[in-house]
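Working notes, beginning with the structure itself.
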Amino acid sequence: SVSAFLLNRSSDLEIRALILVANRGTIYVADGVTYKKVADDTPIRIENDVSIIGQSMENTIISGNNTNRLFNVVSGNVYFENLTIANAVRDTTANTASAAIVSTGNLNLKNVILANNTCGVAGAAVYATGGSLTVSDCIFINNTLAKSYSRSYGGGAIFSNKVPLSVKNSVISRSEER
């Protein structure tokens with residue numbers, strides 16, 4: 001197991017690099033800096049067992065910077081804790097799913113705020129199509145499916161397609177189709 005520390009950075013390039021290094025390890029993300037996704041249209045791909053743990057739910061922020069999807073969990077056991085994942089936007093005029101996290105692996109969210117994420121048809125915050133999805137002590141707020149695309153599948157906050165889903169002690173608010 002490798003542990004890596006992410007301190008005082010402001011782009012997703014460092015997060016990408018640490019995910020590659022932290023194969024089966026943990027990335028600790030510091031408070032006080034907003035880690036912004038660079039506008040290169042490529043999600044941060046996770047293919048291994050990785051934990052990304054913030055210092056606090058409210059002050060450790062990974063922002064989509066109003067660009068494309070943030071995370072693509074392809075495989076492995078992925079754990080997010082004590083952070084905010086916000087402001088990801090996926091094409092709202094097309095058949096697009098999730099702006100924040102798409103997962104085909106085993107995804108576990110604990111003490112995470114998912115806020116202000118927008119996409120076309122399903123799961124603006126989380127779209128799970130494989131593995132499992134476990135959510136505990138999380139807040140989903142202002143996650144939106146764009147009404148401009150007429151074929152919405154639902155799930156402004158979460159869309160789980162035949163995936164085992166557990167949601168405990170969590171709040172979903174103002175997450176809807178517009």
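The values are calculated or read from the model by the stated rules, or taken from the named source; none is laboratory data. This one's a predicted model, so the numbers in the text were calculated from it and none came from an experiment. Don't worry about glycine lacking a Cβ; one is built from the backbone with ideal geometry, like all the others, and counts go over all protein chains shown. Keep in mind that these areas ignore ligands, DNA and RNA; they rest on the heavy atoms of the full protein, side chains included. Shrake-Rupley method; radii C 1.70, N 1.55, O 1.52, S 1.80 Å.
Can you confirm whether residue 118 is of a type in the set (S, T, N, Q) and at pLDDT 90 or above? No. Would you confirm, using the coordinates I've provided, whether residue 72 is modelled with pLDDT of 85 or more, assigned to a strand (DSSP E or B) and surrounded by fewer than 21 Cβ atoms within 10 Å (Cβ to Cβ)? It is true that residue 72 is modelled with pLDDT of 85 or more, assigned to a strand (DSSP E or B) and surrounded by fewer than 21 Cβ atoms within 10 Å (Cβ to Cβ). Residues that are of a type outside the set (A, V, I, L, M, F, W, C) and open to solvent by less than 10 Å² (accessible area, probe 1.4 Å) within the stretch 95-133 comprise 98, 103, 105, 117, 120, 123, listed in sequence order.
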